Amino acid sequence: MLVAPSILSADFGHLARDVAAICEGGCDLVHVDVMDGHFVPNLTIGPVVVEAVSKAATKPLDIHLMVQNNSFFVELFAPLKPEYISFHIEEEKHPHRLTQKIRSLGIRPAITLNPHTPPEIIEFLLEDVDMVLLMSVNPGFGGQSFIPSVIEKAKRLKVLIEKRNPNCLIEVDGGVNDVNVKELAAAGVDIVVAGSFVYKHPDGIAKAIAELK
């Protein structure tokens, strides 16, 4: 299991320290939640802060866009050369075009599904993406409870991926902990995003990442 801690749960007063801590603690990716206050009712960070994150990180960035006007934000963050940029299918009228644009910028394209969105809706896009991110909470805020139905959803997505693009990874974001990560692994999930579990673990960040792995 790959682990991508969400910096949304970090202490933004000591952001460089907290980004370095997850990298030193054994994470695989640094998950960056970008929210615009329109697609979701929250406003987080822009390219100036993410550039600082990229300088502090020794692991690749995994940028999750929760925004309107995806193409604009892709261009905004592309110069930071993240490993992945994911966008929500619910907000994008031309997803195939956008995946091609992301890949042309040397970044791996990924598509995100809200909890209510069935995986079948992206079956004919799977050949064009390197990852699908399943939200296991409603996007917008950290610290929410895991929605169990994502387990079945991941299984259904895995079947589609095996048929269309076996190299495509499945990532799950929201309410992940050391208990439900076992069910997620059994369902075929490759990467978990965890914010509160990692940053608020009583035994520290490295122990939290190790437990998820």
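The values are calculated or read from the model by the stated rules, or taken from the named source; none is laboratory data. All values derive from a computational prediction rather than experimental measurement. When we count neighbours, we look across all protein chains shown, and the Cβ atoms used for this are built from the backbone with ideal geometry, even at glycine.
May I ask you to say which residue of Val189, Val137, Val132, Val159 is assigned to a loop (DSSP other than H, G, I, E, B), more than 27 Å from Phe12 (Cβ to Cβ) and either within 14 Å of the chain's Cα centre (by Cα) or not hydroxyl-bearing (Ser, Thr, Tyr) (or both)?
Val189
Tell me, please, whether a residue that is in contact with a Leu (Cβ under 7 Å, 6 or more places away or on another chain), at pLDDT 95 or above and either under 24 Å from Asp18 (Cα atoms) or among the aromatic types (Phe, Trp, Tyr) (or both) can be found in region 159-172.
Looking for residues that are in contact with a Leu (Cβ under 7 Å, 6 or more places away or on another chain), at pLDDT 95 or above and either under 24 Å from Asp18 (Cα atoms) or among the aromatic types (Phe, Trp, Tyr) (or both), one finds at least one in region 159-172, hence yes.
Output the residues belonging to region 125-143 that are without any contact (Cβ under 8 Å) to a residue 40 or more places away in the chain, in contact with a helix residue (DSSP H, G or I) (Cβ under 9 Å, 6 or more places away or on another chain) and surrounded by fewer than 17 Cβ atoms within 10 Å (Cβ to Cβ).
Correct list: Glu127 only.
Can Glu123 be described as in contact with a Lys or Arg (Cβ under 8 Å, 6 or more places away or on another chain) and charged (D, E, K, R)?
Considered against the rule, which asks whether it is in contact with a Lys or Arg (Cβ under 8 Å, 6 or more places away or on another chain) and charged (D, E, K, R), Glu123 comes out as yes.
How many residues are in contact with a Leu (Cβ under 7 Å, 6 or more places away or on another chain) and closer than 20 Å to Asp62 by Cβ if we restrict to region 123-132?
Residues flagged as in contact with a Leu (Cβ under 7 Å, 6 or more places away or on another chain) and closer than 20 Å to Asp62 by Cβ within region 123-132 amount to 4.
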